[in-house]
Every structure is written in structure tokens, then in C-alpha cells.
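Here is the structure we will look at, set down as C-alpha cells.
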Amino acid sequence: MMAMIPTPRAGWNPVLATLVAAGLMTAAAPAFAQSCNDDIAKFQERRQAQIGALNNLSKQGKGKLDPIAACPRLRNLVAIENQMFEYMTKNQSWCSIPDDVMGQVKDGKGKSANLAAQACKAAAMARKMQQQAREGGGAPGAPAAPKLPSGPL
């Protein structure tokens, strides 16, 4: 049995086919870049929504964040920034993201994570103090309240 070698069809020009393929790739590149921009814009919208919510909490607290209310928002912000950074890392060459931008995003998400950790630690301490106050324990290390006599004086 003889091996069949495919032959070009009539009117097929390999040079023209290469040029057409190159043109299609060039035309598709802006579409892929637009897709990257759209995806990153979605992450940014979600991120800005969390930042807006944190700003509102700050205004309610007269410039200070309530750690109990801020902790879940900050955790959401960190999660969104982590997802965005993972997407950008995975698609850095495809989306033509410069290294310095990647560094800035990495630094920013690190700062957000530190802030979230501090707020959540403060929130845990505040909750513990609230629980102790409800149970009548008062502040940690404070002397116990004296027992008042019960009965006729």
C-alpha cells in the first residue's frame, strides 16, 4: 500500500495562506487584549465596591473603622485582590501586563492582607471583651467585683 501525501487543492497558495493566518492572528490580538481588559475591569469593579463599603463604614465611625464590621469586608477585598492577582499572573504574557504593574498589585494585596489581619485580630479581641462583659467578667486582668450581701442588713 502506498502512503498518500496530501496535495494542495487547486488555487491554494501557501504564501497567501500564511499571510491570511498572520492577519487573523493580528486581528484577534486586540480582541484578546480587550478580553483581558474586560476581565480585569470586572475584578476592579468588585474591588471598588468593597473599598466603597469600607469608606462608608469609616464615615459612620467618624473616620475610624469598626473592626467587627470591617473584618468581613476586608477579607472579601483580600479575596478579590488574590483572584485578580492570580488571573494577572496566569495571563501576564497573554495580556501584556508589565512586571512593574504585577509588582504593584502584589504589594497592594499584601498591604490589604496585613490590614485585614489587624482588623480581624482587633475584632476578635473586641468580641471576646463583649462576651466577658455580658458574662460579668469585665476586662481581662481586672479584679472581680465584690459580692454584695444578700438578705436583710
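None of the figures in this text is laboratory data; all of them are computed from the coordinates on show. Predicted, not measured: the structure shown is a model, and the values here were computed from it. Neighbour counts run over all protein chains shown; Cβ positions are idealised from the backbone, glycine included.
Neighbours of S96, meaning other residues whose beta-carbon lies under 15 angstrom from its beta-carbon, give a summed charge of -3 when Lys and Arg score +1 and Asp and Glu score -1.
By the Cα gyration tensor, the range 30-135 has an equivalent ellipsoid whose semi-axes, rounded to whole angstrom, run 34, 14, 10 from largest to smallest. Lysine pairs in the range 30-135 whose alpha-carbon atoms fall under 19 angstrom of each other, counting only those eight or more residues apart or on distinct chains, come to 9. Loop-located trypsin sites (Lys or Arg not before Pro) in the range 33-100 (DSSP state not H, G, I, E or B) with no more than 16 neighbouring Cβ atoms inside 10 Å: K62, K64.
Sorting S112, S93 by the number of Cβ atoms found within 10 Å of their own Cβ, with the fewest placed first, yields S93, S112.
A straight chain from R127 to Q60 at 0.36 nm per residue would run longer than the Cα-Cα distance by 22.2 nm.
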